[in-house]
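The values are calculated or read from the model by the stated rules, or taken from the named source; none is laboratory data. Please read these numbers as outputs of a predicted model, since none were measured by experiment. Heads up, the Cβs are rebuilt from the backbone with ideal geometry, glycines too, and the neighbour counts pull from every protein chain shown.
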Amino acid sequence: AERGVSRFVELGPDGVLCALAQRSVDEAVFAPVLRRDRDEAETALAALGRLWTAGGDVDWTSVLPGGRRVELPTYAFQRERYWPGAGSAVPGDLGAAGMEPVEHPLLGAAITVAGDGAVLMTGRLSLATHSWLADHVILGQVVVPGTALVEMVWAAGGRIGCSVVRELVLRAPLVLPERGAVQVQVSVGAADEGERPVEVYARPEGGDDASWVCHAAGVLSADAVAEGVDLAVWPPQGAVAVPLEGFYDALEEGGYGYGPVFQGLRAAWRDGERVFAEVALPEEAVAEAGGFGVHPALLDAALHVNGLKAADGQGTRLPFAWTGVRLHAAGASMLRVALTPVGDGVEIQTADATGAPVASVQSLVMREVDAGQLATGGGRSTRDSLFAVDWVPLVSAGEAADTSDWVVIGDGAIGDTEVLTAGRFESLVAVVRGGVAPPVVVLPVVERWAGDAGLVHEVAGSVL
């Protein structure tokens, strides 16, 4: 072993020497060619195989003169399946159902409503069919990124010639279940002076009509496409490089659990309040980019640049209001990004590797979310909750059948802030302690605090 020997062969009737030597030399291979009470040929071949796998030089043509080389069998995860998997959609004849097939990764069919030209596009999302969505985890929940909703609205708008998302407000996060799927509908209304309303709905697969939840609503426009920003000079002159070590680890601590597909930030620079960055899809997702206007994971990575300028202590935020979203070119797998603060939001300009515009966002406003919102935002209806609001009719004094047992505390002349004086409190205690408590005890409270929330709290607290 001191001379660098790492493979030992024992030529003897048993493996005694190998057993002893293993106690003295670590990380070495010991191969006895004979073992007591074992078949000789089998033991010798096993010894040669062990030496071979440890890098030893074995002449297998001499050992197996009639043998030939063959391909190794595939591993379990390299197999090909031809049977439909559980939960996978089996395509049917959409034309027979009056619908048109849509070649989009998130949407599968479309139908034009007769009369007003409204369009309805449908899709189905699940972790079984869209596994890359599992890499977008927010506060422990798999959330469909807002960029995916923008992508679906883009697809619907492009079908009817309204390629500009003038406004899109995300009302509720779309949470994917661990098992099963959600059905998605993108509804585009009738044209009104060149604009069309658009809404994105979803419900758990198999849910009833009451299960639909509106996750986004906005307006599509047929405005002429504006010119994007030219980012041919790269990196921008005067911009200072920003280190990215530990960037996604820090985001994870803030509630953003981005997997490999969404960890697209490659480089970043800062020039005053402006931030520049390069984002790219991982190799395994590049092939899918051609099916999208902009792959949602790629556009979402462009939003991560906002994390470089976020204030410390800021909560977990998701896209809320999109304004002036335009698609200039489709199918990009990497982006150059320029992010500029504008009012309460940010302006986002993206370009390809040559600097040609890809997509632009006039303004994006983010909004903070918490785990409670996500727990009830996954396409569930309010009736699935254990809590509900119930309005109970209040019987007035005039409707009471018998007021003889009513007891009024005080004379009713209560001031603006003094609700229950010591004397009235003692009267109430005397009534309760004097015997059987009356069915109704009335405490008059003056109603002069309308519009003053602080006084409402003060009065309610005093009454309690």
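Pairs linking a residue in region 139-151 that is without any contact (Cβ under 8 Å) to a residue 60 or more places away in the chain to a residue that is of a type in the set (G, A, S), with Cβ atoms under 8 Å and 6 or more positions apart or on different chains, are V142/A134. In this entry, A31 passes the filter for residues that are aliphatic (A, V, I, L, M), in a strand (DSSP E or B) and without any contact (Cβ under 8 Å) to a residue 40 or more places away in the chain. Within region 168-192, the set of residues being under 25 Å from V365 (Cβ atoms) and surrounded by 20 or more Cβ atoms within 10 Å (Cβ to Cβ) comprises L168, L170, P173, L174, V175, L176, V184, V186, V188. How about region 106-119: which of its residues are modelled with pLDDT of 90 or more and either on the phi > 0 side of the Ramachandran plot or surrounded by fewer than 16 Cβ atoms within 10 Å (Cβ to Cβ) (or both)? Of everything in region 106-119, just one residue is modelled with pLDDT of 90 or more and either on the phi > 0 side of the Ramachandran plot or surrounded by fewer than 16 Cβ atoms within 10 Å (Cβ to Cβ) (or both), namely I111.
Table: residues versus (1) closer than 16 Å to A172 by Cα; (2) out of contact with any strand residue (DSSP E or B) (no Cβ under 9 Å at 6 or more places or on another chain); (3) of a type outside the set (D, E).
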{"residue": "D116", "(1), (2), (3)": "no, yes, no"}
{"residue": "M121", "(1), (2), (3)": "no, no, yes"}
{"residue": "L125", "(1), (2), (3)": "no, no, yes"}
{"residue": "S131", "(1), (2), (3)": "no, yes, yes"}
{"residue": "V144", "(1), (2), (3)": "yes, no, yes"}
{"residue": "E151", "(1), (2), (3)": "no, no, no"}
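Looking at region 292-301, is at least one residue at positive phi and either modelled with pLDDT of 95 or more or surrounded by fewer than 19 Cβ atoms within 10 Å (Cβ to Cβ) (or both)? No; the residues of region 292-301 include none that is at positive phi and either modelled with pLDDT of 95 or more or surrounded by fewer than 19 Cβ atoms within 10 Å (Cβ to Cβ) (or both).
Here is a yes/no grid of residues against (1) modelled with pLDDT of 90 or more; (2) of a type in the set (A, V, I, L, M); (3) farther than 30 Å from I111 by Cα; (4) over 24 Å from the mean Cα position of the chain (by Cα):
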{"residue": "A216", "(1), (2), (3), (4)": "yes, yes, no, no"}
{"residue": "A222", "(1), (2), (3), (4)": "no, yes, no, yes"}
{"residue": "E253", "(1), (2), (3), (4)": "no, no, yes, no"}
{"residue": "Y258", "(1), (2), (3), (4)": "yes, no, yes, no"}
{"residue": "L265", "(1), (2), (3), (4)": "yes, yes, yes, no"}
{"residue": "A268", "(1), (2), (3), (4)": "yes, yes, yes, no"}
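All of S163, S211 fail the test of being buried (at least 20 other Cβ atoms within 10 Å of the Cβ) and hydroxyl-bearing (S, T, Y), apart from S163. When V279, V186 are screened for being more than 21 Å from V169 (Cβ to Cβ) and among the β-branched types (V, I, T), only V279 passes.
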